[in-house]
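Contents: one structure, followed by commentary.
The values are calculated or read from the model by the stated rules, or taken from the named source; none is laboratory data. Computed from a prediction, not measured in an experiment: that's the story for all the values here. All Cβ positions, even for glycine, are placed from backbone atoms using ideal geometry, and neighbour counts span all protein chains on display. Just so you know, the surface numbers come from the protein's heavy atoms only, side chains and all, with ligands and any DNA or RNA stripped out. Shrake-Rupley method; radii C 1.70, N 1.55, O 1.52, S 1.80 Å.
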Amino acid sequence: MEGPGHCAGCHTPKNVAGADKEDQDLQGGQLENWAAPSIRGGRNRGLEDWSEDGIIEFLRTGRSGHTAAFSTMAEVIELCTQHMIEADLRAIATYLKDREGDGDGEEADEPDPAVMQAGQAIYFDNCSACHPSDGSGVSRFFAPLAGSGKVNNDDATTIIRVILEGARSVPTKSHPSPLSMPAFDWKLTDEQIAAVASYIRSSWGNGATAVTAEQVAELREALKD
């Protein structure tokens, strides 16, 4: 079974020599200005609320009731996992659900009410057409933001980058027509992106840390390269 090898490259932190930190395998990490969430299935981990069937659906079709694949994971699904047999997909899902977590993530401070108010307004103006006001999304079309592993990741890099650059779901045999989210880097300032990201990360039961304008500016500059 090749599954963990494909996943570990993005979802396992690296040491200074670039090798995997084996004691943190599948617990998330940053690669090429993306932050991959934990894909362990145990308590307090990124796939805690996923069923084995949901993991299989995602690996086979690129979509599930939880999210859609894009960026590096899109390549894995397009070139590999959508072509795998059911038994191998089931083995990967069973393996991931058997990986326990390592406790709760970073505890977030209470969000600034002024930032939340600004973020809510930006969200309703720009995001709520596809991701409704309750963050529920549209199953297998527009990913839910409530309870999302990417949204709740301690590292906010991915949520910031998706707002800046947009995203495009992977086309697969099951879903040949990809769906796209537009970029907002041309429209929203660093402060506005920080506000809406903070709002998303603190609403509908999400409890991640706030995003700062400095974080957005730093990533915006890094992506120019």
Counting residues that are without any contact (Cβ under 8 Å) to a residue 12 or more places away in the chain, which helices (runs of 4 or more DSSP H) fully inside segment 81-158 reach at least 2? 113-126
Quick one: is Glu57 acidic (Asp, Glu), in a helix (DSSP H, G or I) and surrounded by fewer than 17 Cβ atoms within 10 Å (Cβ to Cβ)? no
Take the residues in segment 120-147 that are charged (D, E, K, R) and exposed (fewer than 14 other Cβ atoms within 10 Å of the Cβ), then tell me which one is nearest to the chain's Cα centre (by Cα). Asp134
List, please: which pairs have Cβ atoms under 7 Å, are six or more places apart or on different chains, and start with a residue in segment 213-225 that is on the phi < 0 side of the Ramachandran plot and surrounded by 14 or more Cβ atoms within 10 Å (Cβ to Cβ) and end with one that is outside any helix (DSSP H, G or I) and small (Gly, Ala, Ser)? Gln215/Ala156
Being modelled with pLDDT of 85 or more, at negative phi and in contact with a helix residue (DSSP H, G or I) (Cβ under 6 Å, 6 or more places away or on another chain) is true for just one of Leu26, Leu79, Leu59. Which residue is that? Leu59
Can you name the condition, by its number, that Ser202 falls short on among (1) open to solvent by 20 Å² or more (accessible area, probe 1.4 Å); (2) among the hydroxyl-bearing types (Ser, Thr, Tyr); (3) modelled with pLDDT under 95? (3)
Restricting attention to segment 70-87, the residues that are hydroxyl-bearing (Ser, Thr, Tyr) and either open to solvent by 50 Å² or more (accessible area, probe 1.4 Å) or over 15 Å from the mean Cα position of the chain (by Cα) (or both) number exactly 1
Report yes if Gly5 is at pLDDT below 90 and closer than 30 Å to Leu219 by Cα, otherwise no. yes
Go through segment 159-193 and give me each residue that's at pLDDT 95 or above, open to solvent by 60 Å² or more (accessible area, probe 1.4 Å) and in a loop (DSSP other than H, G, I, E, B). Pro182, Asp185, Trp186, Lys187, Thr189
